[in-house]
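Enquirer: Would you mind keeping the following structure in view while I ask a few things?
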Amino acid sequence: LAKTTQPISMDSYEGQEVNITCSHNNIATNDYITWYQQFPSQGPRFIIQGYKTKVTNEVASLFIPADRKSSTLSLPRVSLSDTAVYYCLVGAPLSGGFKTIFGAGTRLFVKA
Amino acid sequence: GAVVSQHPSWVICKSGTSVKIECRSLDFQATTMFWYRQFPKQSLMLMATSNEGSKATYEQGVEKDKFLINHASLTLSTLTVTSAHPEDSSFYICSARNQLTTNEKLFFGSGTQLSVL
């Protein structure tokens, strides 16, 4: 299983763009990169998923370089409600013994 | 979108009693579900993988006789904390994958806060 490394915490202000980078040096060929958001006392919530290049949805963008050894979650114009923990996970679909291991995550604090 | 329902949201019990937590996939089938526990200010720790129709696979250090998992149908997995003690107090979360998709997207329950007195 590919291990992930993220910054422990980040601070930002409302309206700014936030970029959180995740390192996954031993990512396997079949691995996808998925980001989740978790608020206190709630289960994580899916944000975005990608395999390579760039993916964008209504809440975020995910940038993945050609070597796929890192990825960057970009949150445009954050608000106070984006204060949460963000987890980067890598995993391969349909692989035998697949399971999801969470790293430490990044605590994002958005200030007014 | 896909929904995973987890009940109860919170439970308080006396030491020595057993507590059952349910995890249901409401609009998709899940042959595999996962159970995690989370302590305050810490990340999720995978406890076990629940497999429909077969035995669960437990992570190292997790007692299978302490945390009983049953996955009797494609939409329901249960975690029973047997003879609970105060050190079992934690936030328990389940997740599930839609078996019909090929991506890695997991859907999580809302979690269960267990407090053992």
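The values are calculated or read from the model by the stated rules, or taken from the named source; none is laboratory data. Just so it is clear, the structure is predicted and the values come from calculations on it, not from any experiment. Ideal geometry is used to build each Cβ from the backbone, glycine not excepted, and the neighbour counts take in all protein chains shown.
Enquirer: In this structure, does A:Ser12 turn out to be touching a helix residue (DSSP H, G or I) at 6+ places or on another chain (Cβ under 9 Å) and at pLDDT 90 or above? It would help to see each step written out before you state the result.
Expert: Details: touching a helix residue (DSSP H, G or I) at 6+ places or on another chain (Cβ under 9 Å): yes; at pLDDT 90 or above: yes.
When the stated conditions are applied, A:Ser12 passes them.
Enquirer: Residue by residue through the stretch A:37-79, note down the ones that are surrounded by fewer than 16 Cβ atoms within 10 Å (Cβ to Cβ) and aromatic (Phe, Trp, Tyr).
Expert: Hits for the stretch A:37-79 are A:Phe39, A:Tyr51.
Enquirer: A further question follows. Looking at this structure, is A:Leu73 part of a strand (DSSP E or B) and away from every other protein chain (no Cβ under 11 Å)?
Expert: On the way: part of a strand (DSSP E or B): yes; away from every other protein chain (no Cβ under 11 Å): yes.
Yes, satisfied.
Enquirer: Still on this structure, I have one more. Go through the stretch B:1-87 and tell me which strands (runs of 3 or more DSSP E), entirely inside it, have 3 or more residues that are surrounded by 14 or more Cβ atoms within 10 Å (Cβ to Cβ) and among the aliphatic types (A, V, I, L, M). Reasoning before the result, please.
Expert: Numbers: elements: B:4-7, B:10-13, B:19-25, B:32-38, B:45-51, B:67-73, B:76-81.
Ranges flagged: B:45-51, B:76-81.
Enquirer: Only one of A:Thr34, A:Thr100 is of a type outside the set (Phe, Trp, Tyr), buried (at least 16 other Cβ atoms within 10 Å of the Cβ), part of a loop (DSSP other than H, G, I, E, B) and within 14 Å of chain B (Cβ to nearest Cβ); which? Write out each step before concluding.
Expert: Numbers: A:Thr34 fails: part of a loop (DSSP other than H, G, I, E, B).
That would be A:Thr100, the only listed residue that is of a type outside the set (Phe, Trp, Tyr), buried (at least 16 other Cβ atoms within 10 Å of the Cβ), part of a loop (DSSP other than H, G, I, E, B) and within 14 Å of chain B (Cβ to nearest Cβ).
Enquirer: B:Ser110 is checked against (1) away from chain A (no Cβ under 14 Å); (2) at pLDDT 95 or above and fails just one. What number does that condition carry?
Expert: Only one criterion in (1) away from chain A (no Cβ under 14 Å); (2) at pLDDT 95 or above is unmet by B:Ser110, namely (1).
Enquirer: Cβ-Cβ below 8 Å, separation at least six or inter-chain, first residue in the stretch B:7-22 and farther than 15 Å from B:Tyr92 by Cα, second polar (S, T, N, Q) and part of a loop (DSSP other than H, G, I, E, B): which pairs?
Expert: Once the first residue is farther than 15 Å from B:Tyr92 by Cα and sits in the stretch B:7-22, its partners that are polar (S, T, N, Q) and part of a loop (DSSP other than H, G, I, E, B) give B:Gly16/B:Ser83; B:Thr17/B:Ser83.
Enquirer: Specify the residue that is modelled with the highest pLDDT; the eligible residues are those in the stretch B:88-102 that are over 26 Å from B:Pro40 (Cβ atoms) and surrounded by 16 or more Cβ atoms within 10 Å (Cβ to Cβ).
Expert: B:Arg97
Enquirer: Within the stretch A:50-70, which residues are at pLDDT 95 or above, assigned to a strand (DSSP E or B) and more than 21 Å from A:Ile8 (Cα to Cα)?
Expert: Across the stretch A:50-70, the qualifying residues are A:Lys54, A:Val55, A:Thr56.
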